[in-house]
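Here the structure is laid out as structure tokens; the discussion comes afterwards.
The values are calculated or read from the model by the stated rules, or taken from the named source; none is laboratory data. Small disclaimer: the values here were computed from a predicted structure and weren't measured. With ideal geometry, Cβ positions are generated from the backbone for all residues, glycine too; neighbour counts draw on all protein chains shown. The protein model used for the area step is the full one, side chains on, heavy atoms only, and it has no ligands, DNA or RNA in it. Shrake-Rupley method; radii C 1.70, N 1.55, O 1.52, S 1.80 Å.
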Amino acid sequence: MTILQAVNLDKHFGGVAAVTDLSFSVTEGEIYSVIGPNGAGKTTLFNMLCGYYVPSGGSITFAGKDLAGMETHQIAAQGISRTFQNLQVFYNMTVLENVMVGCHMRTRTGLIKAALRLPSVIREERQVREWSLEALTLCGLEHLADREAGSLPYGELKRLEIARALASDPKFLAMDEPAAGLNDTETVEMRQLIQRLKERGITILLVEHNMGLVMQISDRVLVLGFGCLLAEGTPQEVQNNPAVIKAYLGEDV
Ligand SMILES: Nc1ncnc2c1ncn2[C@@H]1O[C@H](COP(=O)(O)OP(=O)(O)O)[C@@H](O)[C@H]1O
Ligand SMILES: [Mg+2]
């Protein structure tokens, strides 16, 4: 079943066409990756899916709902969560607190109720703590819950960012280069984590430069070149596609 569908998507910045007439659909439960050379339009596409950019044309529907005109928080409320390429971690908060921040989507407490410390608020806080610990466990970070986030090495910070994105209990997780800057061991841990998320039933959209990782874990891959769809298919199909080889090597084969 299709969970996300983009139809004839366009995005231009002044005279620059960053994404042109792009159509694709993501099936529920799959790992769908977007690759392409620098400047191909990957980040622009990512930002349109998350509501950071308004498309110049075309439409995006998620679970049958048109995302056009929705603010980022409204898109998040549909069950779409994202991680950032540049870490958005609160370094002087604990690991657990960082994840608890991500839970606010799932709670309904207003400021006044929180200030009065009603029993419902205390219950809710306990629930938030539980959800957050669960997300940390999934990301292999539960033993670090009380550590200051700033003391974690980079690989664990990248997983913390994912734990926070998971705390809102998303159906769909969009990840911008989760393996960027990771060493080989950390990349393997990241791959295993992404696979666990898939096993949990979360649909994953992955924008990633690490070709090895993309080819190992993706169900399908979309290849962008100059904002247009160059190819789409299984990792094996796109790897053998002449247009893709040409885009990467810059020559006819
Ligand atoms: N905010 C922006 N303003 C102007 N041009 C942009 C903006 N964002 C991206 N572009 C241009 O759009 C094209 C695609 O960029 P981008 O989506 O960042 O590619 P990628 O992430 O694949 O490297 C590039 O030519 C880039 O210079
Ligand atoms: Mg980019």
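Between Val223, Val238, which is open to solvent by less than 10 Å² (accessible area, probe 1.4 Å) and within 16 Å of ligand 2 (Cβ to nearest atom)?
Val223
Of all residues in region 47-60, which are touching a Ser or Thr at 6+ places or on another chain (Cβ under 9 Å) and within 13 Å of Phe172 (Cα to Cα)?
Matches in region 47-60: Cys50 only.
Given the options Met100, Met70, name the one that is buried (at least 16 other Cβ atoms within 10 Å of the Cβ) and assigned to a loop (DSSP other than H, G, I, E, B).
Sole residue among the options that is buried (at least 16 other Cβ atoms within 10 Å of the Cβ) and assigned to a loop (DSSP other than H, G, I, E, B): Met70.
Grab the strands (runs of 3 or more DSSP E) fully contained in region 4-67, keeping just those with 3 or more residues being within 24 Å of Asn86 (Cβ to Cβ).
16-27, 31-35
For region 26-61, which positions are more than 8 Å from ligand 1 (Cβ to nearest atom) and exposed (fewer than 15 other Cβ atoms within 10 Å of the Cβ)?
Listed by number, the residues that qualify are Thr27, Glu28, Tyr52, Val54, Gly57, Ser59.
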